[in-house]
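Written below as structure tokens is the structure these notes are about.
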Amino acid sequence: MPAAKDQAGFRLRRFREERGLTQAALATALAISPSYVNQLESSQRPMTDSVLLRLASVFDADLQQFSSEEADRLASQLRDALTDPSVGDPIAMSEIRQFAAAQPDVGRYVMEMHRRYRHGRDVNEALMSRIEGGTIDSMSVPPPMAYEEVQEMFYAHRNYFPALDLAAEQIFAEAGLVPGDAVGGIVSRLARRHSIRVTDLPADEREIKRRYEPATRELALSPLLNAGQRAFQLATHLAAVELAEEIDQIVTEASLSSDETRTMVRIGLASYFAGALMLPYRLFLDSAEALRYDLDLLQRRFNVGYETVAHRLSTLQRPGASGVPFIFVRVDRAGNISKRQSATSFHFSRVGGSCPLWNVYEAFTHPNEIQTQLAQMPDGRSYLWTARTVSRRYGGYGTLAKTFASGLGCDLRHASRLVYSRGLDLASPSALVPIGPGCKICDRDTCPQRAFPAIGKTLDPSPNRSRFIPYPTGSGWPGEPTAD
């Protein structure tokens with residue numbers, strides 16, 4: 001589809017300037033008139049499919065950079081920084097969207113600066129807590145939150161790494177792996193190609209899943225792992241020894257800030273490869289489409305866990321052979337989001353917390369049952385969400401289990417492709433649950449579940465009146481229209 005008229009001009013001008021071209025030179029390359037280029041860049045004319053195809057043909061351009069969705073993704077991230085009350089007054093979303101479309105590189109710089117600011121603030125709070133508790137001598141200043149930088153790196157790639165996916169498909173075929181039973185094939189490849197012997201860890205080493213001894217070339221796995229988990233751990237190590245060059249290239253291109261972050265990204269990419277090897281792209285995509293994205297049936301077909309299937313579904317974004325663009329999240333009972341990946345512009349805020357009306361939290365009241373929800377964000381975008389709890393206990397009686405809820409969502413326009421749309425009224429606005437990015441930056445004034453007042457809105461308290469709506473407000477967002 002043609003790129004949005006009000007944003008495409010910014011991107012075309014940036015594309016031209018990055019290549020040191022004049023408008024006349026670009027016009028000649030695209031076989032159009034200089035006046036037409038000028039009209040495109042000033043957003044007086046829409047960016048048509050024919051112009052986009054010429055850009056791709058002549059310059060080998062990635063057309064994704066001209067998509068309005070890229071600016072939407074950046075705008076949703078920038079909202080964290082530009083609505084943070086500890087920095088200043090919040091900025092209207094209309095201005096944030098325009099900024100993201102016009103100056104994406106500056107926008108990403110702003111995000112990085114805000115991330116470092118929040119880290120510094122967190123360190124100061126931790127230091128003050130230690131000082132007040134009299135334990136300052138035991139305090140060392142931690143590095144920036146590496147895991148956040150890792151999450152942002154995966155988000156920037158839309159959770160899709162083509163080099164690793166293609167390598168996984170090739171190795172799956174070369175090793176003669178069988179879906180749902182990959183352990184033997186991976187063990188054989190490790191032994192034959194890398195002289196690595198696979199053994200079991202001692203039964204008393206219950207805290208370790210996998211340990212590799214380079215001196216003896218011995219890879220030991222926990223006996224507490226099931227077949228699918230063993231295959232995943234084996235595939236993760238295979239990535240480290242066989243795809244080190246491809247992983248290093250991705251890490252280098254990411255321009256990460258610290259050795260800790262680079263190490264964590266390498267681990268994350270090795271895990272990505274493991275999922276891609278156990279669930280090879282084309283085979284898994286064809287199965288997902290045939291089964292209408294039924295996670296339970298996909299689990300059984302490939303003999304892997306629910307979260308592995310859900311996460312893999314969020315990675316199917318190969319150009320020309322893409323699956324449904326999913327958002328994947330993992331939360332705990334306290335509302336902490338420990339994983340978040342998205343092939344869309346959807347982005348939950350780190351400033352405003354999360355929304356209690358989101359069905360990913362309802363899943364905890366119905367353990368091991370898939371919950372569905374039609375939901376709408378304040379920007380008008382609507383989604384179909386599925387959520388289910390996942391529990392793991394690696395020890396015996398008396399050991400602690402960990403329980404999460406895994407959520408998988410897609411834009412409502414894709415919902416009919418999912419088995420979970422069955423029985424839902426996709427066309428009814430009344431079926432949509434109004435959720436938000438978090439109370440502090442959500443502008444739903446009438447939400448009865450609101451836990452905090454929205455940033456930038458003036459409260460309207462009255463000693464003579466009590467309302468059903470928490471935190472009634474008297475004015476709207478800065479720069480946004482308000483009711484008379």
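The values are calculated or read from the model by the stated rules, or taken from the named source; none is laboratory data. Being a predicted model, the structure only gives us computed values, none of them experimental. Cβ coordinates were reconstructed from backbone atoms using ideal geometry, including for glycine residues, and neighbour counts include every protein chain displayed.
Taken over the stretch 178-226, residues that are of a type in the set (A, V, I, L, M, F, W, C) and within 18 Å of residue 394 (Cα to Cα) amount to 7. Across the stretch 133-161, the number of residues qualifying as in a helix (DSSP H, G or I) and either modelled with pLDDT of 95 or more or among the hydrophobic types (A, V, I, L, M, F, W, C) (or both) comes to 6. Annotation for the stretch 242-256: no member residue is under 30 Å from residue 204 (Cα atoms) and within 24 Å of the chain's Cα centre (by Cα).
Scanning the stretch 56-97 for residues that are modelled with pLDDT of 80 or more and in contact with a Leu (Cβ under 7 Å, 6 or more places away or on another chain) turns up 58, 96. Note on the stretch 360-469: enclosed strands (runs of 3 or more DSSP E) holding 3 or more residues that are small (Gly, Ala, Ser) and in contact with a Phe, Trp or Tyr (Cβ under 8 Å, 6 or more places away or on another chain) are 402-411. Could you go through the stretch 229-243 and let me know if any residue there is under 21 Å from residue 307 (Cα atoms) and of a type in the set (Phe, Trp, Tyr). Yes, the stretch 229-243 contains at least one residue that is under 21 Å from residue 307 (Cα atoms) and of a type in the set (Phe, Trp, Tyr). Here the condition is being within 30 Å of residue 228 (Cβ to Cβ) and touching a helix residue (DSSP H, G or I) at 6+ places or on another chain (Cβ under 6 Å); of 426, 408, 418, 374, it holds for 408 alone.
Look at residue 43 and say whether it is at pLDDT below 80 and in a helix (DSSP H, G or I). Judged against the criteria, residue 43 is not a match. Number of residues in the stretch 387-411 that are among the aromatic types (Phe, Trp, Tyr) and over 18 Å from the mean Cα position of the chain (by Cα) equals 2.
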